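Undergrad: Starting off with a structure, shown below.
The values are calculated or read from the model by the stated rules, or taken from the named source; none is laboratory data. Computed from a prediction, not measured in an experiment: that's the story for all the values here. A quick note on method: Cβ atoms are made from the backbone with ideal geometry, for glycine too, and the neighbour counts reach across all protein chains shown.
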Amino acid sequence: MPKQVPEAEFEAVVNAVARLPNGGSVSRIGEALGEVVPRRTLQRRLVALVAQGRLVREGRGQGVLYRTPPAPSAPHPLVWRFGSNVSRGDRAVFHYSIPMSAQGEAVGRLVRAPIQQRPPVSYNRAFLEDYVPGLTWYLPEEVRSHLLELGNSPDRESMADTYARKIHQRLLIDLSWNSSRLEGNTYSLLETARLLEAGESAAGKDASEAQMILNHKAAIDLLVDEAEHVGFNRYTILNLHALLADNLLPDSGAWGRLRWAGVQISGSSYHPLEIPQLIDECFGQVLDKATAIPDPFEQAFFALVHFSYLQPFLDVNKRVSRLAANLPLIRNNLCPLSFVDVPTRAYVDGLLGIYERNRVELLRDVFCWAYERSCARYSAVRQSLGEPDPFRQRHRAVIAQTIREAVQARMNKLAAAAYIRQRATAALPETDRRKFIEIVETDLLNLHEGNIARAQLSPREFEAWRTAWG
């Protein structure tokens, strides 16, 4: 196990940087320390301090400087307010709709600048090489402890995948839909459920959208069915890609194979590696470092960051990273991460922060919030996530009415999906429709005899509908 660095040694580095008003290079910081510290050791400590939010890194290559972050006006930005409502003010400009740390907001401002103002950058191998498992932490200790409290389950000591099997069908639908939604897939939650449960594609949708969802099902089945054997190894990640890319990439030879050609990231100034040998080397490093990380949440986030950043395949890289992030969670019988409710803009901007700045803070905020939502979905913990959802409060009547009418009309999943879209168009402004559709579809999927009173339904109406629902 890597040697634990005493806090006093980290504090000495922070104090040395603080004595440099304009920041300093690695060499300048070494001089300010007033003691002999090997350059490589100092670099690792600086990387760890940046990941912890105690220092800020600026510039690239020979021009890299480290500074102390500006003093926060609120609580320390890494004391993340789990479950809190989004504050307004300047945060509202991002429309992320999730709680943001001060550092996450700073990354958002950087990547929202016009692309002409974001200088072209290439793959920074030091971002990977400087990460030391057990020493570098993208997720601070208080964050990891909080996520463990949320995601722990009575099955923790049972055989790997025990917890995931208990919620398997729900996980298949949620993760397949949400991961596909983040790729621009237009299937609704109910249409996804019908496809996965009955094999029926939605009318008027492109065949590739159904294929994407079915591929997610196959990949999730691999993670759950082979939980005792899968891990951060070439077999698992290559086969995850093969399952997710099946019949979507025109060249079947690219399914499950590391890329041999360059790729471009739309809307970004980032240019990934193009040399196949280097891609293979870095892929191996990502696997080795992920395997050596002692904490499952840090493993999950590391996978989300570095498989996306490396772009090891011709396409489908982000889908691989989202599924790979669930590997340590499923293996450790923790609540899985289904990306429920994650705003696409926040997720994309978080990735841009990784691609263009090697800054993890915004994606970390998204990851933590998404895990909260997943835990709430699967009841892995019994705790409040804060005040009632203002969206549900605002549209409570139309939500209940839509559910009631769908049940009383004995609609199946296909008919209900079309009806909910129609109601959303007729009753809500365009900005609220997507969330309304998701909430109503989710409530219908979770409807049972113990909660039908909310929609003013009788047991007889519910039983008659359940037969038609299938």
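Undergrad: In the range 177-266, which helices (runs of 4 or more DSSP H) lie fully inside it and hold 2 or more residues that are without any contact (Cβ under 8 Å) to a residue 60 or more places away in the chain and within 26 Å of GLU438 (Cα to Cα)?
TA: On the way: elements: 189-198, 207-225, 234-245.
Filter on the range 177-266 gives 189-198, 207-225.
Undergrad: Return yes or no: is ARG257 of a type in the set (D, E, K, R) and buried (at least 20 other Cβ atoms within 10 Å of the Cβ)?
TA: So ARG257 fails the test.
Undergrad: Is it the case that LEU329 is in a helix (DSSP H, G or I), of a type in the set (A, V, I, L, M, F, W, C), out of contact with any strand residue (DSSP E or B) (no Cβ under 8 Å at 6 or more places or on another chain) and surrounded by fewer than 24 Cβ atoms within 10 Å (Cβ to Cβ)?
TA: The answer is yes for LEU329.
Undergrad: Continuing with the same structure: Only one of (1) over 16 Å from TYR355 (Cα atoms); (2) under 11 Å from the mean Cα position of the chain (by Cα); (3) surrounded by fewer than 24 Cβ atoms within 10 Å (Cβ to Cβ) is not met by GLU298, so which one is it?
TA: That leaves (2) as the condition not met.
Yes/no per residue for (1) at pLDDT 85 or above; (2) exposed (fewer than 12 other Cβ atoms within 10 Å of the Cβ); (3) not assigned by TED's automatic domain parsing to the domain that holds THR344:
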{"position": "LEU46", "(1), (2), (3)": "yes, no, yes"}
{"position": "GLN52", "(1), (2), (3)": "no, no, yes"}
{"position": "ARG60", "(1), (2), (3)": "no, no, yes"}
{"position": "LEU78", "(1), (2), (3)": "no, no, yes"}
{"position": "ARG81", "(1), (2), (3)": "no, no, yes"}
{"position": "ALA102", "(1), (2), (3)": "yes, no, yes"}
{"position": "ASP130", "(1), (2), (3)": "yes, no, no"}
{"position": "LEU139", "(1), (2), (3)": "yes, no, no"}
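Undergrad: Looking for something more than 29 Å from the chain's Cα centre (by Cα) and outside the structural domain of GLU197 (by TED's automatic domain parsing) - is there at least one such residue anywhere in the range 430-447? Talk me through it step by step, then tell me what you get.
TA: Our first condition is that a residue be more than 29 Å from the chain's Cα centre (by Cα); within the range 430-447, this holds for none.
No, because not a single residue in the range 430-447 is more than 29 Å from the chain's Cα centre (by Cα) and outside the structural domain of GLU197 (by TED's automatic domain parsing).
Undergrad: Same structure again: Tally the residues that are of a type in the set (Gly, Ala, Ser) and crowded, with 20+ Cβ neighbours inside 10 Å, restricting the search to the range 205-253. Write out each step before concluding.
TA: Let us first name the residues in the range 205-253 that are of a type in the set (Gly, Ala, Ser), namely 207-208, 210, 218-219, 227, 231, 242, 245, 252-253.
Going one step further and asking which of them are crowded, with 20+ Cβ neighbours inside 10 Å, we end up with 210, 219, 227, 242, 245.
The number of residues fulfilling the criteria is 5.
Undergrad: Also: Could you please tell me which pairs satisfy a Cβ distance under 6 Å, a separation of 6+ or placement on different chains, a first residue in the range 402-425 that is more than 13 Å from ARG194 (Cβ to Cβ), and a second residue that is assigned to a helix (DSSP H, G or I) and of a type in the set (S, T, N, Q)?
TA: ARG423/THR402
Undergrad: Of the numbered conditions (1) in a helix (DSSP H, G or I); (2) closer than 21 Å to ARG125 by Cβ; (3) in contact with a Leu (Cβ under 6 Å, 6 or more places away or on another chain), SER27 fails exactly one; give the number of that condition.
TA: (3)
Undergrad: OK, next. Condition test on TYR347, is it of a type in the set (Ser, Thr, Tyr), farther than 16 Å from PHE127 by Cβ, outside the structural domain of LYS435 (by TED's automatic domain parsing) and not in a loop (DSSP other than H, G, I, E, B)? Explain how you work it out, then say what you get.
TA: Working: of a type in the set (Ser, Thr, Tyr): yes; farther than 16 Å from PHE127 by Cβ: yes; outside the structural domain of LYS435 (by TED's automatic domain parsing): yes; not in a loop (DSSP other than H, G, I, E, B): yes.
Spelling it out, TYR347 is indeed of a type in the set (Ser, Thr, Tyr), farther than 16 Å from PHE127 by Cβ, outside the structural domain of LYS435 (by TED's automatic domain parsing) and not in a loop (DSSP other than H, G, I, E, B).
Undergrad: Among the residues of the range 322-372, how many are more than 24 Å from THR431 (Cα to Cα) and either among the small types (Gly, Ala, Ser) or free of Cβ contacts under 8 Å to residues at least 24 places away in the same chain (or both)?
TA: 3
Undergrad: Look through the range 426-444, keep the residues that are among the acidic types (Asp, Glu) and touching a residue at least 40 places away in the same chain (Cβ under 8 Å), and return whichever of them is surrounded by the fewest Cβ atoms within 10 Å (Cβ to Cβ). Before the answer, list the steps.
TA: The first filter runs over the range 426-444 and keeps only residues among the acidic types (Asp, Glu), leaving 430, 432, 438, 441, 443.
Checking the rest, the ones that are also touching a residue at least 40 places away in the same chain (Cβ under 8 Å) come to 432, 438, 441, 443.
On the way: ASP432: 14, GLU438: 20, GLU441: 25, ASP443: 18.
So the residue we want is ASP432.
Undergrad: Anything in the range 99-129 that is of a type in the set (Ser, Thr, Tyr), out of contact with any helix residue (DSSP H, G or I) (no Cβ under 6 Å at 6 or more places or on another chain) and in a loop (DSSP other than H, G, I, E, B)? List them, or say none. First the steps, then the outcome.
TA: So the first thing to find is which residues in the range 99-129 are of a type in the set (Ser, Thr, Tyr), and the list is 101, 122-123.
If we keep only those that are out of contact with any helix residue (DSSP H, G or I) (no Cβ under 6 Å at 6 or more places or on another chain) too, we end up with 122-123.
Scanning the range 99-129 gives a single hit, TYR123.
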